[in-house]
Structures are given as structure tokens and as C-alpha cells.
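The values are calculated or read from the model by the stated rules, or taken from the named source; none is laboratory data. On a predicted model such as this, the values are computed, not experimentally measured, just so you know. As a convention, Cβ positions derive from the backbone with ideal geometry for all residues, glycine included, and neighbour counts pool all protein chains shown. Each accessible area value is taken on the protein alone, full model and side chains, heavy atoms only, with ligands, DNA and RNA left out. Shrake-Rupley method; radii C 1.70, N 1.55, O 1.52, S 1.80 Å.
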Amino acid sequence: MKFETLMLLLTLFAPIIGGFVYGVERIVKARMQSRVGPPLMQPFYDFFKLMDKRPLMVHSLHAVMGIMYFIACWFSLLVLFLGNDLLVAVFFHVIAVLALTIGAFSVRSPYSVIGAMRELMHMISYEPLMVLMVVGFYQVVGSFNLKDILNYDGIPLLQLPVVFMAFVLAIPMMLHKSPFDVAEAHQEIIGGPEIEYSGPFYEAVYTGKWIEYVYVFFFVFLFGGSHYWLGALLVLFVFLFVNALDNATARLDFRKMVKFSWFVLIPVSAFNIIFLALWR
Amino acid sequence: MELYVTLSIVLPWIVAFVIYLVKNDFVTNVLSLLMLPVLAYFAWEIYFSGNLPMLVDTPHWVDYAITIYDFGLLGYFLYQGIKNKSMLVSALAVLQLVLLIIVILMIEHSNTANIYIDKLTAFMYMIVAIVGVPIAIFATKYMEYDEKGKHSFVAILIWFLGVMNFAVSVNNIEWFFALFETTTLASYVLIRFRMDDQAVKNAILALWMNQIGGVAILFALLTFLKTSGLYHFTDLLNTDSKMLSLTALGFLSLSALVKGAQMPFHKWLLGAMVAPTPVSAILHSATMVKIAPYLLLRISPVIKGTLLAKLLIITTGFVFVAAAVIALTQENFKKILAYSTISLLGLMMLAAVVGTPIAITASLLLILFHAFAKGFLFIEAGVLEKVFHVKYIKQMRRLIERAPLTLMFIFFGFLNMTFVPFGTFIGKWIMIEEASGFLSHGSYVLLILYVGAGSAFLSVLYMKVLGISVRKSHGIERVRALPLPLKFNFVSVWYYGWLLFLTVFIAPFIATQIVPIAQELSGQIPNIHADNLSLVINTSTLYFWQILGALVILSLIHALPFFVHFKNVDTARPYNCGEAFPRHIETYNFVCISKYENYLIAFSIALFVMVLVLGGGLL
């Protein structure tokens, strides 16, 4: 029972945790650029400011979809934490993408529409990789069950090193970080799917993004198995690595993103899994 | 029992004949409406009779009648080939005639019954009744919108259902050939129904492609006769699988691939869209293409684990992904649906040839839910075409204002094809879980990759189409709900209700209805059971709160826009960087992919040859 309670609490506070992660990220990024950066609580100050603003919308459908994106994100996190099947959690995430893209497609702004289309390209890039990663966990642990993975005595990282690296390189695609931030691409399409949201509706989309942080980094944590300190260390390392990568690289074309995922990341992960299955 | 079986097969033929002769509006409407409860009742009685599987002996004269019918059918094909100056059709008809004569000379009398009814057959009856008949009902209204020949059209549709019922109950492969070719004939007649140049051309294409399947069945039959002398499905399944000729099984699978419109034989199914929309609905959902997974399910116990099965996995899985990719480049709504059918058929066959009990469950689930969803989507495509005059997805923009109800149905149909709590998703999910258990062969890792990638591409496809239809200018001005004809609404709500009902109770439904069929087919008990309303597969659970949560979120997403209007919120125009708004926004057509289409097709041809040569051991 203790495990479930903990996970339920984690899910409940996920937006706050995600907000803190985002706050830390802004500071880390600023320090990497020799800036001081905003205070840690800045995302929450933004939150209150945005909630206070006069709500403006393009039309109801669009606004509703922003809220649905937030709900679907939160629910997929709940499924990841409390359900016992990782694969189901991966597929639940698609619902969140559906809400976001339908919303973005529904307005007549070219930026939003292009952003939605690119969001789909993001999904094509990371979705099969996520499935492969979960299958990799199954190969190591012998179960799709989250609890079994968290109680696994060995270290999944040692058996899935290539899958881990591929996943780390796919994280920028999931969290919209440079070099794979093509869907948001602020200088180019001004935020893509989120451009038309404002006030509280924007806040919904934004909080959804915070939840995605928790969702993604939890997968990194799983690579430590029952060695939670290792998991935490991995999360820290990946967090710093992704931010460094974000700071150091320029944005790539979306074709390059899809090609990189399909011709590099997915084949090497598949090989990792095949050899794992053969040598076991 | 036997009476119900006979009636299930014969009644649609009789009703079709009556409709064809009487040509009266009242008779057509009433009879097609009546077929729904009647056929469903028969299927229900057969399914729950408790003494399945059973063999039904047929009188001796039926054998002769079918042989004569065969010759008549092939003669008709030959005549059509000569009349339409198609060398291919005539040549294939002649080839089949020659092969058929050899078969008849070689065949010896067998005491095995010619009709075999098991749970799978009853399952197919059920699909034909619940999914197939509403399409005929829909057609009675559809054909009143400036189309000619309503009565003969509905008659052919209902006859087609009878043919399908017959095809899934035969045990004798020679009879199966006759029925296989009859479905070819039915599709030929239906595709050519409008009789314009394009329709005739596509009908001829469908005819010769499906005849290749017929030739493959005859080759299989010849090989079976030559090697073991057996030509009944039950006999084949009861013998030691090592004794069976893999070549023959390879030919049988080839005919399934052709019937299932797998690339490179996918063009005939695309061509079918020139016909009136109910034709596409019936070809894609309840009849015709479903023979392909049915046939593979029948022979799956003997091909399971062989090299043939592995090569079939690679081929069908490739089609699953490639068809989904090509679908992204299409802009005709019906064509997009056709490509997604081709793609999902690949998945069904893949699951069928994997052949473990859980994989067979997945295949059955996919057959059922795909039938419902595709029937539903094509019905809505018909409504769009006739009432709203929309054929291409670029005409679908702002559909949300013009046809809110129809769009909601389409939305729901698309959600059913890929998203979480629905049957198709569960099929994919348990397929991945099952394949993860035996990854030691490369084809199974490929399988997981195929399923993951293909479902990602299909999701992208559906989101793209939906995205275009919800786009509108600045706020929903007025939602004008155009009143639709009663029959259209009845059929839509029928499908909608069934899909919703089955999804909510999916766990007990799978555990009590689908699992016994898989158990009977594979001879082993699949490790699937329902824990109240949660579904347990091996060690994984899909909880009811997950099913319900996803269902609630998705129904909110697909229905909320019509009901929720924020009253006190000001609206703003979208940001466009100060430029003039484009009158409309085009969508990505993935032109970068379409130039690879020929490579994909060439690769699938190579895989086909590999299946036959390596898997069938032809050389």
C-alpha cells in the first residue's frame, strides 16, 4: 500500500515537481551562459501572473484542447506511476499529443498548423524508440511491470547501454530541446502549437509541459533498477547533459530529426535488444 | 443447428434473388432491414449452441453442383476477359480451367464432411450479420441519391454476405476455391457497378489480381493432392504438420495475401473506391478482405514457427508500415481509408501467422474492431459524399461547422483505429507483449519494430486528417446541424453504440468471447482473463480505471467542441505576424515520401518472391 500512496502523491504533486525542475533548468542554463538567471520560483510566479490575466482565446475548441492536453498528460503520468504496465503508459502519452495537435490544427494561424505537423514528426521519431526501450526493459527484467523493474537486483543500464544512449538522445525530441526543438522553434514559428494560447489556457499547456519533464525523466530513473541512487545519479547526469546539448547546438531540420531517429537511434537500439535476447 | 447453418448460408442468396426480381422499394427496404435481426439471431444460436465444432455432411449432388458451378464461373471470367479485351483475365481464367480439370481428375472421394462449423465460423457469421447488414440498409438510402439500379445493387450486397457466410463455413478446399472465386465475382460486379470507363478498368484490375489468388489455391490443392491426398482443412490440421507440404501452404498463404490486398497486390482495393461507397464499406469491413486473415487463422496451427511463418511475418509487417507511410501522401479520403485497411490487414495476418494463442486473440480482436471501425468510417464517407459533397481531405476543412455530427462520428472511428482503450490498440498491445517473450529470432524483433512504427505512422495519419477537418477561421460561428436521413443516422448510431459498448466491457468480452475461439484454433489456453472489468494478460494488467479514463478523455476530446462554449471569454484573432491571412492553409502531403513509393512496392515484390521460394521451399 505504501508504494501506491507514494506514487499517488508523486502524481498529485507532479506539476509542482515539474515546475521546480523547470526553474532549476532555467538557472542551470543561465549559468552555462554565464548569466545569473531567474529565481528558482520563477515558473510559479509566471503561473500566478498568467492565471491573473484576462482570458483570451481564438475559439472554444482550441481553448478546450489546451486544457485536455494538460489533463491527458497528467493522466498518462498517473498510468505510468500506478498502472503496472509500462507499454500502456507509453501509448497513453499519444492521447496528450492528440489533444495538443488537434488544438493546434484548429486555428487558422500558419505557425500553429506548421507546429502541429512538426509535433507529429516528433512523435514519429520518439514513439517507436519508446516501445523498443520498454521491450528492452522486458528483456532484462522479464516483466512490463513497473514494480518489478524498481525491484530488479541488477542494473538495467549495463544490459541496455545502447538503448539508454539512444533514449538520452531522444529526450530532446520529447522535451522540445535544441537540436530537436523543431515543433516549437521560437525564432522560426514562434512556439508552434502553443502560440495561440494565452492567459489561463496557456498556463494549462505550460503545466502540461512540466508534467512531461517528470514523465520523461522517470524513464531515465528506471535504468537504475532497484539502485535508486544510481537512478537519481542518471537523472542528474542526463538533466545536465540535455541542457548542455540544448545550449551548445543549433536547431536541425525536422527531416534530419526523423532520419537521425530512424536510421541511427532505432537500428542501434534494435541491435542491442537482439543481442540481449540471443546472449541471455 | 444444421438448419440455422443452412439458413445463414442460403437465406441471403434467396433474399437477394427476391429483391432482384421484385424491384420494389418497399420490399427492398423491409427485407434488408429484416436481415439484420434474422442473421444476427442465426449467428447467435450457432455461436451459443454449445456443440461446436461440428461437421455437416452434404448430399453428394452438391459436390457435382459446385464443380459445374466452378466451370460456369471460370467460363464467365473467360467471357468477361474476351469481351473487355483483357488478355490477363482470359489467360488466368484458362489457366484456372486447366488446373481445375487436373484437380478433378486427381481428386479422390473423401468421407470427410464438406461443411465445418467452429467458433471462428460463428464469429465470422456474427461480423457479417452485425457489421455487414447495416451497410445494405445504408445502401437502400444511399442509392436514392442520383444513382441508378438501387434494387440490383442492394441485392448484390446481400448476396455477397451470403457468399461470405458460405466461404467461411466450407471445409473442402475445392469448395473453398469456388467460394473464393465467387467473392472475386461479387467484387467484380460491384466495382463495375457504375459502368463508366474508370469503373470497368478498375473492375478488370480487381478481377485479374484476385484470379492470381485463385490460381495459387489451385496450385496448393494440386500439391496437397500429390503429396498427401488430403484436401480438407480439418484433415490437414489433424495430420502431423511435418508431413504437410510447405509449398502448398505457401501457395495458400499467397492467395490470402492477394485477397488481403497486400502490396504489391494492393491496387485492386484502391480501385474499388470508384464504386458507390457502400461497396468500399462492405469490401473493407465484413466481407472479401477478411477472408485473408480468416484463411491464415485456419492454417496457423500448421505453419506456426516454420520459416514460412517467419517470412510471412516480415512481409505482412512490412506492408503494415509501408501502407501506413504511403497513406500519408494521399489526399482522397476514401483512398486514405483504403491504405489504412491494407496496413491493418497486414497486422491481422501477422498476428495470425505468429500463431500463439495470445497472438490469435490479437488477430481476432483486430478483425472484429477493424470491421466495425471501417464500416463506420466508410458509411460516414458516404454521407460526406452524398450530403456534403466532400471527397478530398482538402475539401474537409471547416467540416466542424458544416457537418458537426458526421465529423464527430469520423473522429470516433479514427480514435477506434489506434488509440488506447479501443480494441485495435489492445490487439497491438498484446501483440507486442507476446512477441517480447520470444525475441530470439530476428523476425520477432522486426515484428516489434513494425508494430511500434506502424501504429505511430497510423496515428500521425489520423491526426493529420482530423486536424484538417477541425480547422476553422475565428471561432465556431454557427454550428449548423443539417438534418440527415433517418437510415444514415440509424446505421451511424448502430456502429457508434456497438463500439462504445464493446470498449467499456472489453475485458469480459475478450475473456469470455474471444479467448474460447483462440483456444479452439490453437489448441492451447491463452493466458488472458478478466478481473472484473480489468484485462489481465500474462503478468500485465489493463485496469478498468485506465480504460474508463482514456475513454472519458477521448470522448471529451471528440465531443466537447460541440457542447462547450466559454461564454465570458473574449476572443482574439490568431497571430499572423501582421501579414494577410491566407484564404486556406494547405497541409503536408509528404511529397518527399511519395517518390519512394515504387521502391516500397519493389521491395514488397521481393518479399513476396522470398515467401514463396524460401518459405514454401519451391526451389
Requested in this report: Treating the Cα atoms of the range B:290-334 as identical point scatterers in vacuum, please give the log10 of the normalised Debye intensity I(q)/I(0) at q = 0.19, 0.30, 0.32 Å⁻¹, two decimals.
Outcome: -0.71, -1.05, -1.09
**Report entry** Accessible area in square angstrom per residue, the range A:2-279, 1.4 angstrom probe
**Finding:** 35
Query raised in the report: Going 7 Å from the Cα of residue A:233 toward and past its Cβ, which residues in the range A:114-155 have a backbone nitrogen under 17 Å from where you end up?
Result: A:153-155
Requested in this report: Taking every pair of alpha-carbon atoms in the range B:304-564, give the share separated by more than 24 Å as a whole percent.
Outcome: 49
Report summary line: Correct response: the longest run of chain B lacking exposed trypsin sites (Lys or Arg not before Pro), defined by DSSP loop and at most 11 other Cβ within 10 Å, is B:149-477
**Report entry** Peptide B:421-430 - average C-beta neighbours from other chains (10 Å radius)
**Finding:** 2
Query raised in the report: Any idea what diffusion coefficient the range A:1-79 gets from Stokes-Einstein, in µm²/s, Kirkwood Rh on alpha carbon pairs, 37 °C, 0.692 mPa s?
Result: 219
Requested in this report: With a 1.4 Å probe and every protein chain kept in, tell me what percent of the accessible surface of the protein assembly as shown is carbon plus sulfur.
Outcome: 67
Requested in this report: List the longest stretch of chain B that has no exposed loop site; here a site is one of the GluC sites (Glu not before Pro) assigned by DSSP to anything other than H, G, I, E or B, with at most 12 other Cβ within 10 Å.
Outcome: B:109-476
Query raised in the report: Tell me, which residues of the range B:521-550 get at least 10 Å² less accessible area when the other protein chains come in, versus the chain alone (1.4 Å probe)?
Result: B:539, B:540, B:541, B:542, B:543, B:545, B:546, B:549, B:550
Requested in this report: Over chain B, calculate the relative contact order: mean separation of alpha carbon pairs under 8 Å at least 6 apart, over the residue count, as a percent.
Outcome: 14
Report task. Rounded to the nearest 10 degrees, what's the angle between the helix B:597-610 long axis and the longest principal axis of chain B, both from Cα atoms, 0 to 90? Result -> 30
Requested in this report: Give the share of C-alpha pairs in each 10 angstrom bin for the range B:1-51, from 0 to the last occupied bin, in whole percents, shortest bins first.
Outcome: 25, 47, 22, 6, 0
Query - Eligible lysines near residue A:53 by straight Cα distance, threshold 18 Å, same-chain separation 8 or greater - result: B:567
Requested in this report: May I ask you to derive the FRET efficiency for residue B:57 and residue B:13 from their Cβ-Cβ distance with R0 = 25 Å, giving the value to the nearest 0.05?
Outcome: 0.75
Query raised in the report: Under a 1.4 Å probe, what is the accessible area of the range B:304-564 per residue, stated in Å²?
Result: 25
Query raised in the report: Mind checking which lysines have their C-alpha under 19 Å from residue B:119, skipping anything on the same chain fewer than 8 residues away?
Result: B:290
Query raised in the report: Taking accessible area as the heavy-atom solvent-accessible surface of the protein chains with a 1.4 Å probe, which residues of the range A:28-63 lose no less than 50 Å² upon going from the isolated chain to the full protein assembly?
Result: A:57, A:58, A:59, A:60, A:61
Report summary line: Log10 I(q)/I(0) at q = 0.09 Å⁻¹ for the protein assembly as shown, from Debye over equal alpha-carbon scatterers, is -0.91
Report summary line: Relative contact order in percent for chain A (Cα pairs under 8 Å, 6+ apart) equals 26
Query raised in the report: For the range B:1-58, what is the accessible area per residue in Å² when the probe is 1.4 Å?
Result: 55
Query raised in the report: Rounded to the nearest 10 Å², what accessible area does residue A:186 show when all protein chains are kept and the probe is 1.4 Å?
Result: 110
Requested in this report: Please work out the Cα convex hull volume for chain B and give it in Å³ per residue.
Outcome: 161
Report summary line: The equivalent-ellipsoid semi-axes of the range A:2-279, taken as the square roots of five times the Cα gyration tensor eigenvalues and listed largest first in whole Å, are 30, 21, 19
Requested in this report: For the range B:329-470, build the charge dipole from Cβ charges (+1 Lys, Arg; -1 Asp, Glu) around the Cα centre, then report which of B:424, B:332, B:363 sits farthest towards its positive end.
Outcome: B:332
Query - Convex hull volume per residue in cubic angstrom - Cα atoms of the range B:19-161 - result: 157
**Report entry** chain B: calculated mean residue ellipticity at 222 nm from DSSP helix runs of at least 4, using -39500 (n - 2.57)
**Finding:** -23000 deg cm²/dmol
Query raised in the report: Assigning unit charges at the beta carbon (Lys, Arg +1; Asp, Glu -1) and nothing else, what dipole magnitude in debye, to the nearest 20, does the protein assembly as shown show about its Cα centre?
Result: 2020
**Report entry** J(HN,Hα) series, the range B:509-518, from Karplus relation 6.51 cos²θ - 1.76 cosθ + 1.60, nearest Hz, glycine and proline x
**Finding:** 4, 5, 5, 9, 9, 7, 4, x, 5, 4
Query - Accessible area buried at the A-B interface, both sides summed, 1.4 Å probe (Å², nearest 100) - result: 6000
Query raised in the report: At each listed q (0.10, 0.15, 0.18 Å⁻¹), what is the log10 of I(q)/I(0) that the Debye formula gives for the range A:47-133 modelled as equal alpha-carbon point scatterers?
Result: -0.31, -0.66, -0.87
